[in-house]
Amino acid sequence: MRFLLYAAIGLGIALLGIGAALHFLPVNSGIRMENTNAETPYARYLARQPYLYSAGWGMENARHGITNRQGFSNSRDFTDDANALVIGDSFIESFMNDYPDTVQGQLDAALGKVYAPAASGNGLADALQIARHFLPTTHAKVVVIFVEPSDLVGIDGPATGGHNAFVIEGNTVSVRHTPYVESRAKETVLKSALLRYAYYNLKFPQWFQMRNAPMPDASTGDTAALAAHRARRELALGYLMEELATLRKQYGTRFVFLVDGDRGAIYAPGKYPPTWPGDERQALLRHIRSRGFGLVDMQPIFAQHWRVYRERMDFLPMDGHWNKVGHHLAAEGVLAELAPRK
């Protein structure tokens, strides 16, 4: 018993020492979300919140930032006169890049008054809700919607707290918001550098997200479950495009889809499973083109850059998000799409 007592005391002292040391190192600070409800049905963080980002056990690529007045990172404060909104998930909020290196930062330098209502975990239902919420106040001339593979694969899945999901009942589609209310447990975790260090590096956020929104496996063939997913996907995409077309007519806004490429297939063809499984990518592009929305397809852009420069567009293998090269190529693609046709 005495040995166990001494061991527990020793472990406690060691953990206190490690926690104290980590307090002075660039441990990912985490970031607190604002509560959401039916009146504000979109994910965002507490306004004017300082944060520290770092990746992995080695706390690499440390970045400091502060959220804007609306609770978004890497964005100027919104005004009632926007040239463009860039809507997306963690690729756009981009904790791992400095603001001038992001898509929105470069578009803002070129166009002015470009704002980025983006948050981790956002999907296409969130993009629709954000456009509905901010177009009446910003009167944005252009809305850029970022899309990655998980947005299509999980398009008919449930929403985690603070996010939205397409609800499909028969042939009827609607959007439902799942409110977010901050737990005391999260407040406790964020106060401890040791708990944050373990929480983020053991990938608990990703584990919970995957657990709550399992993705269908397109590699198993056209099973009944996959066929049902495709049918729901078509309904959800049709509804999304119809609603965006209505917003386009109502506000005179130009919508441009910024679609991520399969960078693994570019770097090492055949080595990795496709990030766009099955016909997900083709279905998305078909719906975009059928409605006449703008399209920036990053697959050929990334492939061409890799052929010429052999320069990666992301932080792989540490992190699959775009680095400043990827963001720069995306910004160039958007500007080319917005340029007057000759």
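The values are calculated or read from the model by the stated rules, or taken from the named source; none is laboratory data. In this text, all values refer to a predicted model and were calculated from it rather than measured experimentally. When we count neighbours, we look across all protein chains shown, and the Cβ atoms used for this are built from the backbone with ideal geometry, even at glycine.
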Which pairs turn up if I take residues in the range 77-103 that are over 28 Å from residue 252 (Cβ atoms) and look for partners that are buried (at least 24 other Cβ atoms within 10 Å of the Cβ) and of a type in the set (Val, Ile, Thr) with beta carbon separation below 7 Å, at least 6 apart in sequence or on another chain? 94/102
Name the residues in the range 310-342 that are closer than 17 Å to residue 55 by Cα, touching a residue at least 12 places away in the same chain (Cβ under 8 Å) and either out of contact with any strand residue (DSSP E or B) (no Cβ under 9 Å at 6 or more places or on another chain) or of a type in the set (Lys, Arg) (or both), would you? 316, 324
Check 126, 156 and return the single one that is buried (at least 20 other Cβ atoms within 10 Å of the Cβ), modelled with pLDDT under 95 and closer than 18 Å to residue 237 by Cβ. 156
I need a count of the residues in the range 286-306 that are in a helix (DSSP H, G or I) and among the β-branched types (Val, Ile, Thr). 2
Of the criteria (1) surrounded by fewer than 24 Cβ atoms within 10 Å (Cβ to Cβ); (2) in a loop (DSSP other than H, G, I, E, B), which one residue 74 fails: (1)
How many residues are small (Gly, Ala, Ser) and surrounded by 14 or more Cβ atoms within 10 Å (Cβ to Cβ) if we restrict to the range 35-69? 6
Result of the Cβ filter at 7 Å on the range 48-62, keeping first residues that are assigned to a loop (DSSP other than H, G, I, E, B) and partners that are hydroxyl-bearing (Ser, Thr, Tyr) and surrounded by 17 or more Cβ atoms within 10 Å (Cβ to Cβ), at least 6 apart or interchain, is 48/67; 49/67
Could you check, for the range 95-104, whether at least one of its residues is surrounded by fewer than 19 Cβ atoms within 10 Å (Cβ to Cβ), within 21 Å of the chain's Cα centre (by Cα), part of a loop (DSSP other than H, G, I, E, B) and modelled with pLDDT of 95 or more? yes
Residue list for the range 251-266, filter: of a type outside the set (Asp, Glu), buried (at least 18 other Cβ atoms within 10 Å of the Cβ) and in a loop (DSSP other than H, G, I, E, B): 253, 261
